[in-house]
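Inspection log for the structure reproduced underneath, given as structure tokens.
The values are calculated or read from the model by the stated rules, or taken from the named source; none is laboratory data. In this text, all values refer to a predicted model and were calculated from it rather than measured experimentally. Cβ: placed from backbone, ideal geometry, glycine included. Neighbour counts: every protein chain shown.
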Amino acid sequence: MKLKRLLFLFAILCGATYAEAQDLTIKVNQKGKVGFADLSGNEVIKCKYESAQPFKDGIAIVSDNGKYGIIDTRGNEVLPLKYNQITDWTKDLFLIKDGKKMGLANHSGKVVLEVKYTLISPPNCYGKALIGSGGKQTPDGAKSYISLAKYGIIDSWGNIIVEPKYYGLFEFSNTAASDNATKLLNGSVHYVGDTLVTDCSFLGFSNSASAYKPGILDKNGRELLKRGEYDQVMMPKNDMVRYYIFKKKQYIYGYYNISTGQSFEVLTVNSEAVTDMSGKLPSDFFGDIAAVNSLSGSTPWYFIDRTGKTVRSGYATVKHSAETKLWGAMNSTGKCEVFDENGNNVQALSGYEDLYFPNYEGTAEVFSVKKDGKFGVVNRSGATVIPFDYDLVLGNYWDFIPVQKDGKWGAVSPSNVKYVPTKFTNLKMPDTNDATHVWVQDKDSLYYHYNTVTSRLYEQGYKDVQNFKDGMALAIPTNLKVDDTPLNRAQLQIQGTQVNKETADKLMATPYLFGILINTNDEVIMDRPVSPYCKDIIAKEIMTKYGNRKLTDSEEKKVLLQVTRNNRSYDLQSTIGEEEWDY
């Protein structure tokens, strides 16, 4: 009972402290000094500071003589006033700076990351951040980076995961689109203020700012591959690393087995004879096998195991589906063999003349196949779910399956429900799991909004379109006038798409780049020009402030000025026009 009472009293005390913090307001005395007062105006914390921020969670940031610290609701220093800057880093930690050095502190005043780093990036959505030690801040256009720094990784609590000892530390974040979506190292510099983009499961490292001949670390900073072995490496897949060696007249491709420490070469190419390797590179290891192209004959593709031994061969083309974890390979007889990532045959899907896998995980696992010159759709057991009535059937896009007959396109569901009649010249494939509102292209080459539930085709056609997202779509009319103004140029630089003047000039001269916003009722929400680079931000601003309705001219102006406020710039000698001025 005594314990319960103590806990009850403690809870009351905490609640009272929190309420007290919320009730304190900033007060400025006649000398310009800042403190805090209660709701009655009584000074609670003496006016002795140069500046103060409102209390939040029982603490406030204050400054005096150019130095910042943190106090509690009684005026006690939680973090001493000795820092040049204190800002929120996460909801639990502050970024604290002392001169050119920075660290992290929690709300109790404990320094959880020593104030000795020259760079601490904002944490990304995976709770990872880059830290840098030493080096010098170096400008690069509008941005800057820390040259000659040693980099490491921390988590969102300030714990060091990878010690800052690498002059080069790189994410596997670049995608080679023509190469099975393989991730390779992003060797660009780390700009101040930028976040990491991956969960840092694997990292490349080197002893310079270059990603050439890198080593590989795992998510805990353990070295998996020492530096200097290979010119270029791909992100490990199933404990296998694909590597490249570039010599003066030869390109060598091979694999390194992380588990055994063994490596083997699979392909040597004369760099002068073969200039285009697009779509011909060895694949990553999916499960226990990988695909390799010998570059010779009509059936150059074969499969190897983890030791480099050939386990299947004689294929003209190969494709892999990450969603179904299956391989499809066209053999010398023109028939498709399907097998899993361990090389086991899937007879129910084999023997067809062509095959398309479903495109997204989480959608119906159905396969578009060709038999006797006609396409249909079967399930994994081989049962027909859509009859073989079509000239072409593409893979499943979010349970929206495009079908073609007599040169016209339509769409059906995985259970053969007719979504779109087969009478259009083209379809815009959905990119979400809601295929209610789609775009179809008619014989006039314009795109029209089609409702698959009501089977309604709307009347207004557009030169080009983007898919609906959160109830809005960007539609590009054939006659939209776009003026070259700072406001419109600023729309080219939203969401990290910073562009220089030369690129901006080219984009502004690009026809049919800007569009208008419409809703799912085909009503125009905003008819002022909207760029595709900031469509989502503008749509969010509209939905938050005004809802899904037509905006007035002044509301459209306010939205555009708000979302471009950090990107608009004007010549000091120029006059800002009324359309660019929010007053």
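Things to note:
For every residue, the table says whether it meets (1) acidic (Asp, Glu); (2) without any contact (Cβ under 8 Å) to a residue 60 or more places away in the chain; (3) farther than 17 Å from His107 by Cα.
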| residue | (1), (2), (3) |
| --- | --- |
| Thr25 | no, yes, yes |
| Gln30 | no, yes, yes |
| Phe36 | no, yes, yes |
| Asn42 | no, yes, yes |
| Glu50 | yes, yes, yes |
| Ile59 | no, yes, no |
| Lys67 | no, yes, yes |
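- Sole residue being β-branched (Val, Ile, Thr) and surrounded by fewer than 14 Cβ atoms within 10 Å (Cβ to Cβ), chosen from Val417, Val482: Val417
- Restricting attention to the stretch 81-116 and to residues that are acidic (Asp, Glu) and assigned to a strand (DSSP E or B), the residue that is nearest to Ile146 (Cα to Cα) turns out to be Asp98.
Residue by residue, here is whether (1) under 20 Å from Glu171 (Cβ atoms); (2) basic (Lys, Arg); (3) crowded, with 19+ Cβ neighbours inside 10 Å; (4) without any contact (Cβ under 8 Å) to a residue 40 or more places away in the chain holds:
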{"site": "Tyr255", "(1), (2), (3), (4)": "no, no, yes, no"}
{"site": "Phe264", "(1), (2), (3), (4)": "no, no, no, no"}
{"site": "Asn270", "(1), (2), (3), (4)": "no, no, no, yes"}
{"site": "Pro282", "(1), (2), (3), (4)": "no, no, yes, no"}
{"site": "Phe285", "(1), (2), (3), (4)": "no, no, yes, no"}
{"site": "Val292", "(1), (2), (3), (4)": "no, no, yes, yes"}
{"site": "Thr299", "(1), (2), (3), (4)": "no, no, no, yes"}
{"site": "Asp305", "(1), (2), (3), (4)": "no, no, no, yes"}
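- Boolean, Asp72 is touching a residue at least 60 places away in the same chain (Cβ under 8 Å) and more than 28 Å from Tyr167 (Cβ to Cβ): no
- Scan the stretch 322-350 for residues that are under 29 Å from the mean Cα position of the chain (by Cα) and either at pLDDT below 95 or hydrophobic (A, V, I, L, M, F, W, C) (or both) and the total you get is 4.
- Residue match in the stretch 230-248 (condition: surrounded by fewer than 13 Cβ atoms within 10 Å (Cβ to Cβ), assigned to a loop (DSSP other than H, G, I, E, B) and in contact with a Lys or Arg (Cβ under 9 Å, 6 or more places away or on another chain)): no
- In summary, Thr575 fulfils each of the numbered conditions (1) part of a loop (DSSP other than H, G, I, E, B); (2) at pLDDT 80 or above with the single exception of condition (2).
- Output for the stretch 136-155, where each listed residue is crowded, with 17+ Cβ neighbours inside 10 Å and more than 23 Å from the chain's Cα centre (by Cα): Ile146, Ala149, Lys150
- Within the set Asn396, Asn359, Asn342, Asn433, the sole residue that is touching a residue at least 24 places away in the same chain (Cβ under 8 Å) and more than 28 Å from Ala290 (Cβ to Cβ) turns out to be Asn433.
- Candidate set: the stretch 426-471, residues that are among the acidic types (Asp, Glu), in contact with a Phe, Trp or Tyr (Cβ under 8 Å, 6 or more places away or on another chain) and modelled with pLDDT under 95; chosen: the one farthest from Leu394 (Cα to Cα): Asp434
- In this structure, Val78 qualifies as of a type outside the set (D, E, K, R), assigned to a strand (DSSP E or B) and under 30 Å from Ile120 (Cβ atoms).
- Members of the stretch 205-223 found to be farther than 18 Å from Phe246 by Cα and buried (at least 17 other Cβ atoms within 10 Å of the Cβ), listed by number: Phe205, Ala209, Ile216, Leu217, Gly221
- Qualifying positions in the stretch 259-303 - of a type in the set (D, E, K, R) and farther than 25 Å from Asp239 by Cα: Glu272, Asp276
- Candidates Leu130, Leu196 - the one that is under 24 Å from Met102 (Cβ atoms), touching a Ser or Thr at 6+ places or on another chain (Cβ under 8 Å), assigned to a strand (DSSP E or B) and in contact (Cβ under 8 Å) with a residue 60 or more places away in the chain: Leu130
- Strands (runs of 3 or more DSSP E) (entirely within the stretch 309-406) containing at least 3 residues that are small (Gly, Ala, Ser) and under 24 Å from Pro282 (Cα atoms): 310-321
- Lone qualifier among Ile525, Ile542, Ile518 - being assigned to a helix (DSSP H, G or I) and under 24 Å from His437 (Cβ atoms): Ile542
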